[in-house]
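The values are calculated or read from the model by the stated rules, or taken from the named source; none is laboratory data. Note that this is a predicted model, so its numbers are computed, not measured. Note that each Cβ is placed from the backbone with ideal geometry, even for glycine, and that neighbours are counted across all protein chains shown.
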Amino acid sequence: MQCKLSCLIIAVCAAVITHAQKPVKDSSINYTKEYVDSLLANDTLMKEFNAFVDSITATKSYFDFSAGFSNRIFSLRNNAFNSQQVNSMKFTFTPTLSYINKTGLGVSFSSFLIFDGGNSGFYQHAISPSYDNVKNDNVAFGLSFTHYIVNNTKSYNTTPFNNEVYGYIIGKKGWLQPGLAAGWAGGNYSEIYSKDTFRLVTVGGITRSVKFTIRDTVKTSIKDISVTGSLQHEFEWSNLFNGDDQFTFTPILMLSAGSQDYSIKQSASISLTKFPIRLRRLAKIANGNTGFKFQSAGLFLSGNYTTGKFYISPQYYLDYYLPNDLQKGEKRLNGFFNVTVGVTF
């Protein structure tokens, strides 16, 4: 292919030099059929050269297989949702298979494996159709939908969302590039807590110590909206170790606002394990809306090194929680990392 390209370039340059001169008729030239055919051949050569260049530079469809290691469990794309995690000390391994069409349409499937001692295992999966347009000279934009399939048999936290929509637009002009992203997510989830206790019970004049198991079930329905403004600049280095590698580093300043609409149903039951006595089930219902407000400010550091078809992409997001409603044990400053290695084919 390289030989063909070199020959084409030499021939085209020769043809261009020949035809670049002022078109004054030379009486020494015999304008025969053979001479006219040679001009047509040069024109055909130019068309072949253009078609060849287009074929090697055109966007192509491809598959992508990657594996990521991270401490984020809520969202694949939206850091505004990930910042709502209370616990950032659980680690996940996420293999992902994606297909990206040359039109910008794509679909991916991910599985989440959590490392949590005896509770380790695959706790959720995600399927995500998407569209990304990066060909525009002024802006890049995209839209995705993600459906989460949760393994409810696991006792640890999974994402509270069943479905998520995420869209973004990023400017390409200027040294500082502005961006805007918006997300919506909704879902239902349950959390079950249990505690063993003892109580003295008198029946027929006989007092006995009876073991009780107190179970508390919290069912939550939630809808979350986020809007994030950003400023970023991409640094780029090429040919670091060979002639086919590249490294980009992009720091991004982010400010997120949003609202949550939630409904909580909490119930507690007391059951006997040694005595046939049952108490009436207690329940209470709570509904609320946080209102639209600023939620967090963050710094997102994204790196990407590619060589041939292989790449590695480390990322770190430092989030500062803004509202004054921290619960006991929660931290205002949290960090979330992700390291992904992958190959395209």
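Put simply, of Ala126, Ala140, Ala185 the only residue that is touching a helix residue (DSSP H, G or I) at 6+ places or on another chain (Cβ under 7 Å) and either without any contact (Cβ under 8 Å) to a residue 12 or more places away in the chain or not in a loop (DSSP other than H, G, I, E, B) (or both) is Ala185.
Once segment 282-299 is narrowed to residues that are surrounded by 11 or more Cβ atoms within 10 Å (Cβ to Cβ) and part of a loop (DSSP other than H, G, I, E, B), the residue that is modelled with the highest pLDDT is Phe292. Based on what the data block shows, is Tyr123 surrounded by 15 or more Cβ atoms within 10 Å (Cβ to Cβ), in contact with a Phe, Trp or Tyr (Cβ under 8 Å, 6 or more places away or on another chain) and more than 19 Å from Val339 (Cα to Cα)? Yes. If the condition is being in contact (Cβ under 8 Å) with a residue 40 or more places away in the chain, surrounded by fewer than 17 Cβ atoms within 10 Å (Cβ to Cβ) and more than 17 Å from Phe241 (Cβ to Cβ), then segment 300-320 contributes only Leu301.
Among the residues of segment 128-148, the one identified as β-branched (Val, Ile, Thr), over 18 Å from Arg72 (Cβ atoms) and either surrounded by fewer than 13 Cβ atoms within 10 Å (Cβ to Cβ) or under 17 Å from the mean Cα position of the chain (by Cα) (or both) is Val134.
Residues that are over 12 Å from the mean Cα position of the chain (by Cα), in a strand (DSSP E or B), small (Gly, Ala, Ser) and within 19 Å of Val339 (Cβ to Cβ) do not occur anywhere in segment 80-92.
Within segment 235-268, the residues that satisfy the criterion of being surrounded by fewer than 15 Cβ atoms within 10 Å (Cβ to Cβ) and of a type in the set (D, E, K, R) are Glu236, Asp244.
One residue stands out in segment 149-188 among those that are of a type in the set (S, T, N, Q) and under 21 Å from Asp116 (Cβ atoms): the one that is modelled with the lowest pLDDT, namely Ser155. Restricting segment 206-251 to residues that are within 30 Å of Gly174 (Cβ to Cβ) and among the charged types (D, E, K, R) leaves a set whose member that is modelled with the lowest pLDDT is Asp244. Exactly one residue among Thr146, Thr103 is within 27 Å of Val227 (Cβ to Cβ) and at pLDDT 80 or above, and that residue is Thr146. Only one of the numbered conditions (1) modelled with pLDDT of 60 or more; (2) over 19 Å from the mean Cα position of the chain (by Cα); (3) farther than 19 Å from Ile169 by Cα is not met by Leu40, and that is (1). With respect to the stated conditions, Val203 is loosely packed, with under 13 Cβ neighbours inside 10 Å and modelled with pLDDT under 90. Take Ile170 and tell me if it is assigned by TED's automatic domain parsing to the domain that holds Glu330, farther than 22 Å from Gly298 by Cα and among the aliphatic types (A, V, I, L, M). No; evaluated as a whole, the condition is false for this residue.
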